[in-house]
Amino acid sequence: MHSGKKIIGIIAAASAALLSLAGCGNTNNSSSSAQVDTKTPVNLTVWTGNTTPTKAAAAIFEKKYPNVKIKVETVTDAYRALDTAIQAGSGIPDVMEFEYLTVPYFAIQNKLVDLSTLGANNDKGTFVKGAWQDISFNNKPYAIPMDYGPSVMFYNKAILEKAGVSKVPETWEEYYQAAKKVKALGDKYYITNDASDIFTLLSLVWQAGGHPFKVNGTTAHINVKDPKMQEAVSYYQKMIQEGLIATNIKTWSDDWNRALNDGTIATQIIGGWFTSSIKDRAPKQAGNFRVAPMPQWKAGEQLSAENGGSGFAIPAKAKNHQWAWKFLHFLAYDKEGVKARVDAGVFPPNVSVLKNNEFLSSTDPYFGDQKYREPIADSAQKVGEGWQYLPFMEKVRDLYGDNMDYAKVAKGESLQTQLENWAKLCIDYGNKQGFTVSK
């Protein structure tokens, strides 16, 4: 999850602490041999935006350890709630879900446990590299990846065929040509929508090999003139200015749901987790949607990006690190724990699951009985390496939404100029919070 899913609210404004920043099979590559007392009653609290998968795994864990009771709950504005609990010294969860992009923010303030001290590692490749990279800061894991959002293309087969697009777009040039055909169906038809959502454009930049963010401890660089980023930006500006993207429809809005449901939006470039949400948003399109890889910048390439995902971490001020780690290990490394979450709808970053024939061969009538997990699993293992998020990425997201205006781009304004102005705001914000940020 992240961007659109926004499962646990927004990060609180950076606190004064930032001014004193500090630099699917059972696997045995991570230790769960925490020293725990299996007789004394234990109560664990887990904060998560999606309680169903965690509750399913918790029920199995409680049977294994009858002395343990696990309370799984969703908390409004959980990031802010965590900061409040830390300041109060009470009410801190034992385990908490974090969007990947938020992990550095809390890690750099020493608010999360360095899980390598408890035995966490990815030495045997339990998780795809991209997911492990996402939960690491300064080469240390501060969370364990739980769900993953490799970018793919959801497309409405019926609408593309109606527009005369007989071949699923495999390159961005083919996608551009398809967009013009979809637009020819009528004024309300678009290949996709985007009302200035940061992660849609960033997923294209990521796939192209761009690196707008560089982070080393509390020092960061923001470079929106990265050549690979400019390639993606130039393409996106063309799509917007030719009226091929619905810039008036915001993702996650009611208008978005209606457009998906009535078939006037033909595709979505989004995280694979969207399989669990699209059915409710576009029930009338059952049987029409399919899943395909992201279009490529060059024919024959096989590169992907991310759009969302989350991991579970242990707050540093939580009271029971050992039992929290034992449960976290069960969720992420243990065969039963992983299966329980997958069966409950999670798209996992576990390599063993992504290569499991039973998992991959699953079909769904909503997707025309396609083996819809195959392209998502394939994308998960082809995510470009080296991407970094800024330690204040949530604020960066807010600044993007508040200051980027694709509707003005559609009228001729430069997307690159908007990005440069946004970057200046991000740099100013980071420096005011105690980071050293420059171009």
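Where a number appears in this text, it was derived from the coordinates with a stated rule and is not lab data. Bear in mind that the values here come from a model prediction, so they are computed numbers and not experimental data. For neighbour counting, all protein chains shown are included, and Cβ atoms are generated from backbone atoms with ideal geometry for every residue, glycine included.
Computed from point charges on the beta carbon alone (+1 for Lys and Arg, -1 for Asp and Glu), the dipole magnitude for the range 339-400 about its Cα centre is near 160 Debye. Only Cα pairs under 8 Å and 6+ residues apart enter the sum, and on that basis the relative contact order of the range 139-244 stands at 19 percent. For the range 346-417, the relative contact order works out to 16 percent when only alpha carbon pairs closer than 8 Å and six or more residues apart are counted.
Loop-located GluC sites (Glu not before Pro) across the range 337-396 with a Cβ neighbour count of 13 or fewer within 10 Å are Glu385, with loop assigned by DSSP. Taking amide H as placed 1.01 Å from N in the peptide plane, Gln296 has its amide H under 5 Å from the amide H of Thr171, Trp172, each at least 5 places away in sequence or on another chain. Here the simple spin-label model places points 7 Å from the Cα toward Cβ, and for Lys167 and Asn421 these points are separated by 4.1 nm. Extension gain for the segment Thr38 to Asn139, taken as residue separation times 0.36 nm less the Cα-Cα distance, is 33.1 nm to one decimal. Once the C-beta distance of Thr52 and Asn216 is scaled by a Förster radius of 45 Å, the resulting FRET efficiency is 0.70 to the nearest 0.05. The slack between Asp123 and Lys180, meaning 0.36 nm per residue of separation minus the straight C-alpha distance, is 15.8 nm. In order along the range 422-439, the Karplus-derived 3J(HN,Hα) couplings, from 6.51 cos²θ - 1.76 cosθ + 1.60 at θ = phi - 60°, round to 4, 4, 4, 5, 5, 5, 4, 4, x, 5, 5, 8, x, 8, 10, 10, 8, 5 Hz, and Gly and Pro are given as x.
For Lys71, nonlocal amide neighbours, meaning residues 5 or more places apart or on other chains whose placed amide H falls under 5 Å from its own, are Leu44, Thr45, Val46.
Just how large is the dipole of the range 130-213 about the Cα centre, in debye to the nearest 20, putting +1 at every Lys and Arg Cβ and -1 at every Asp and Glu Cβ? Each step should come with its number before you reach the end.
Numbers: 8 positive and 9 negative charges, 53 e Å.
Once rounded to the nearest 20, the dipole reads 260 debye.
Residue-wise HN-Hα couplings along the range 331-339, as the Karplus relation 6.51 cos²θ - 1.76 cosθ + 1.60 with θ = phi - 60° gives them from phi, are 4, 9, 10, 7, 4, 5, x, 5, 4 Hz; Gly and Pro carry x. If you sort the three axes of the alpha carbon gyration tensor as a ≥ b ≥ c, you get a/c of 1.5 or more for the range 368-436 and a/b no higher than b/c, which makes it oblate. If r is the Cβ-Cβ distance from Lys317 to Asp405 and R0 is 51 Å, what FRET efficiency results, to the nearest 0.05? That pair, Lys317 with Asp405, gives E of 0.80. Taking θ as phi - 60° and the Karplus parameters 6.51, -1.76 and 1.60, the scalar couplings of the range 394-400 work out to 5, 5, 4, 4, 4, 5, 5 Hz in sequence order, x denoting glycine and proline.
Efficiency by 1/(1 + (r/R0)^6): what FRET value for Asp77 and Lys238, r their Cβ-Cβ distance, R0 = 35 Å, to the nearest 0.05?
0.35
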